[in-house]
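Participant: I have a structure here, written as structure tokens, and I will follow up with some questions on it.
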Amino acid sequence: EAVREMTRALKIGPHLHEDFRKVEVFERLRARSDVQVLLDRARVAAEYLVQATELSEDGSYEELLRLSEEHVGEAPDDPNGWYFQGVSLRMLGRYEKAKSALLAGLERDDPGQHPLYWEELGYVHVSLDRYEEALGFATRLEGVEERRAGGHYLRAYVLASAGRAEEAVAAIQSLLDLQPAWHYSLEQEDVFAGLLKRADVQELIRKAKQD
């Protein structure tokens, strides 16, 4: 039972391997060979995660893809490798492969991490002109309280991309009613450029800036 919970914890937060190595209560567990292997794998996963996050934030997607493919080859059960492989492939315009990588990560990751994949898969499906499937991922995000604003934004993005202007405006209103600060993201994204010229959307943005 303890090893199973340790495995789950390390999947969500591989950096926790340091705590498991130091805390005295885990001393007897650390003597087990299977736990030693588990902690070593978590160390590798944690080191990869730091590098991958930095490359993603820097926009170094070619390098991120190379690193992620290498990591997936060495640690195919680490969902982060699949996730960042999907992110890099999406940003490089290789959408079908991005979808496959993200679905592979989704299968392996803890359910608490699934919203990260739903968001990426939503944008992938927009790029593949599969708008209804993209809206399905927006609906899933909207069902998670802490990701609801991101779900509304994704819905607006999908609908704007599909040319469904009235529905997109309704989604924008839902977003700004929930989180007015998201007006900045709307103003930075090209897909909303046409909608932002509309008087009703300009009024929504004006009110959001006042809140």
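Participant: Pop the C-beta distance of Glu62 and Lys207 into the FRET formula with R0 = 30 Å and round what comes out to the nearest 0.05.
Facilitator: About 0.10, to the nearest 0.05.
Participant: What is the distance, in nm, between label points placed 7 Å from the Cα along the Cα-to-Cβ direction at Leu178 and at Glu166?
Facilitator: Roughly 2.3 nm, to one decimal.
Participant: Ok, one more. Quick one: net charge around Arg130, please, counting Lys, Arg +1 and Asp, Glu -1 for every other residue with C-beta under 13 Å from its C-beta.
Facilitator: Value of the local net charge: -3.
Participant: Would you mind computing the Rg to Rh ratio of segment 85-143 from its alpha-carbon coordinates, Kirkwood style for Rh?
Facilitator: 0.95
Participant: Next up: Using a probe radius of 1.4 Å on heavy atoms only, what accessible surface per residue do you get for segment 132-193? Whole Å² is fine.
Facilitator: 50 Å²
Participant: Moving on. How much net charge surrounds Arg206 when only other residues with a Cβ under 13 Å from its Cβ are counted (Lys, Arg +1; Asp, Glu -1)?
Facilitator: Values: positive: Arg198, Lys207, Lys209; negative: Glu187, Asp200, Glu203, Asp211.
So the environment of Arg206 carries a net charge of -1.
Participant: Out of all Cα-Cα pairs in segment 31-120, roughly what percent, to the nearest whole number, are more than 15 Å apart?
Facilitator: Working: 2291 of 4005 pairs.
Taking all Cα-Cα pairs of segment 31-120, the fraction more than 15 Å apart is 57 percent.
The values are calculated or read from the model by the stated rules, or taken from the named source; none is laboratory data. Keep in mind that this is a model prediction, so the values were computed, not measured. Ideal geometry is used to build each Cβ from the backbone, glycine not excepted, and the neighbour counts take in all protein chains shown. Surface accessibility is based on the protein's heavy atoms, side chains included, excluding ligands, DNA and RNA. Shrake-Rupley method; radii C 1.70, N 1.55, O 1.52, S 1.80 Å.
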